[in-house]
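These notes are about the structure you will find just below.
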Amino acid sequence: MSIRLQNIGKHFGKTQALEPVDLDITEGELVGLLGPSGSGKTTLLRIIAGLETADREPGGRILFGERDVTHLHVRDRRIGFVFQHYALFRHMTVFDNVAFGLTVLPRKQRPSSGEIRSRVHRLLEMVKLEHMAQRYPAQLSGGQQQRVSLARALALRPDVLLLDEPFGALDAKVRQELRRWLRHLHDELNFTSLFVTHDQEEALELSDRVVVMSNGRIEQIDTPDKLYRHPANRFVFEFLGDVNHLEGTVRDGVLTCGDARLAVDLADGPEELLLRSHELELAESPSPEAQLPVTVAAISPVGAEVRVELEADWLGEPWLATVNHANYERLALTRGARLYALPRRWHRFPAERVKQPSRAPEPVS
Ligand code: ADP
Ligand code: MG
């Protein structure tokens, strides 16, 4: 089921939680809503669900396929929900939790008890919990409980699945696993899904397309690859990865900042460059283009890459460089080592320096 929003916005009293937005989601897409806390993700999701009413804007409407659902009650929108804290019924077994939505349907729509039984068993099979049907929620892990929530959401065969930070309360490893697993389920069952997250990695890994939000605005809608390679603005660039800042003054093609220098092809004047941590190389000597002396302040060799924190007198905030393990060993990096940073690339968003939002986005690490 495709979803189309036209001129949909929301105020809570005087707070504008959502500027009027347009949004088109294709049938079968898995779309992530990504943004810092307070950026309007939940508000947007609740409006789509029918749990919240949008402001009355001219032409404001919501379509599911051809169906105008703008004024339709939540129970008539054929939506499945999974929330971070959408607790299961504690006094009911896993089976009864999943069956609940079916058993409370009006008699005319309610499947027979045999049909309910087989449908619930099929759903529990899908979420790999068929052997736990008779357990109670308290006897399940957090990840298993979220899988029950998902099965329950799917019991009524929704056209659209909405998930609000569904894995937010789980630990990193379980979260990873559930992500992959949601992706499979989505592809297998072929519904349209929209999920909210503030975790850029989760959004980029899971989504066909990502809607990046800040301050109640949609900043960009794109595939993960396009977002990362062609960010529409500075906010998107900074939100999607680690960023190092280099502020200085350009004169005759050289940016100077304290005793650091970098050759740049820019006009004279003040400049701020942004550098990704994986686009910084570390070397024992400077290059003709870059003399950026740094000291290693901390090393974290956990994971696929080594994260190296760099300090220097000419730096306000420390920089972060990620290097591969081979380079880490070759350079024999230790705390206190004096090295040179060699940027392979840098980025700048000059036009936006004057129109930074007054409410700054929350810092991301
Ligand atoms: P997110 O899900 O991205 O964290 P929300 O959509 O929950 O953001 O909130 C967006 C803004 O709207 C925030 O400033 C929040 O405080 C405000 N807001 C959300 N729900 C309500 C509400 N029921 N009443 C008043 N303000 C609200
Ligand atoms: Mg939220």
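What residue, among those in segment 14-30 that are within 15 Å of ligand 1 (Cβ to nearest atom) and not polar (S, T, N, Q), is farthest from the chain's Cα centre (by Cα)? Full working, then the answer.
Residues of segment 14-30 within 15 Å of ligand 1 (Cβ to nearest atom): 14-21, 23.
Filter once more, so that each one left must be not polar (S, T, N, Q): 14, 17-21, 23.
On the way: LYS14: 27, ALA17: 18, LEU18: 18, GLU19: 20, PRO20: 21, VAL21: 19, LEU23: 17 Å.
Looking at residues that are within 15 Å of ligand 1 (Cβ to nearest atom) and not polar (S, T, N, Q), I get LYS14.
Just for strands (runs of 3 or more DSSP E) wholly inside segment 1-108: which have at least 2 residues that are in the same structural domain as ARG147 (by TED's automatic domain parsing) and either of a type in the set (Phe, Trp, Tyr) or open to solvent by 20 Å² or more (accessible area, probe 1.4 Å) (or both)?
By residue number, 3-12, 15-25, 61-64, 79-83.
Looking only at residues that are open to solvent by less than 30 Å² (accessible area, probe 1.4 Å) and under 12 Å from THR295 (Cβ atoms) in segment 322-340, which one is modelled with the lowest pLDDT?
Taking the candidates together, the pick is LEU333.
Filter segment 282-313 for residues that are of a type in the set (Asp, Glu) and buried (at least 16 other Cβ atoms within 10 Å of the Cβ) and give the result.
Scanning segment 282-313 gives GLU305, GLU309.
Name the strands (runs of 3 or more DSSP E) wholly within segment 283-343 that hold at least 1 residues that are farther than 20 Å from GLY241 by Cβ and in the same structural domain as VAL250 (by TED's automatic domain parsing)?
293-300, 306-311, 338-343
Which number in (1) open to solvent by less than 40 Å² (accessible area, probe 1.4 Å); (2) without any contact (Cβ under 8 Å) to a residue 60 or more places away in the chain; (3) outside the structural domain of VAL31 (by TED's automatic domain parsing) marks the one condition that GLY258 misses?
The one condition GLY258 does not meet is (1).
Let's see how each residue does on (1) within 16 Å of ligand 1 (Cβ to nearest atom); (2) touching a residue at least 12 places away in the same chain (Cβ under 8 Å); (3) more than 15 Å from the chain's Cα centre (by Cα):
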residue: ARG180; (1), (2), (3): no, no, no
residue: SER193; (1), (2), (3): no, yes, no
residue: THR197; (1), (2), (3): yes, yes, no
residue: ALA203; (1), (2), (3): yes, yes, no
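I'd like to check something: does segment 58-70 contain any residue that is modelled with pLDDT of 95 or more, within 23 Å of LEU189 (Cα to Cα) and within 16 Å of ligand 2 (Cβ to nearest atom)?
No, segment 58-70 has no match at all.
Given the criterion open to solvent by less than 60 Å² (accessible area, probe 1.4 Å) and at pLDDT below 95, identify the matching residue among PRO357, PRO350, PRO343.
Being open to solvent by less than 60 Å² (accessible area, probe 1.4 Å) and at pLDDT below 95 holds for just one of PRO357, PRO350, PRO343, which is PRO357.
The values are calculated or read from the model by the stated rules, or taken from the named source; none is laboratory data. What you see is a predicted model, and the numbers here were worked out from it, not measured in a lab. All Cβ positions, even for glycine, are placed from backbone atoms using ideal geometry, and neighbour counts span all protein chains on display. Heads up: the accessible areas ignore ligands, DNA and RNA and are worked out on the full protein's heavy atoms, side chains in. Shrake-Rupley method; radii C 1.70, N 1.55, O 1.52, S 1.80 Å.
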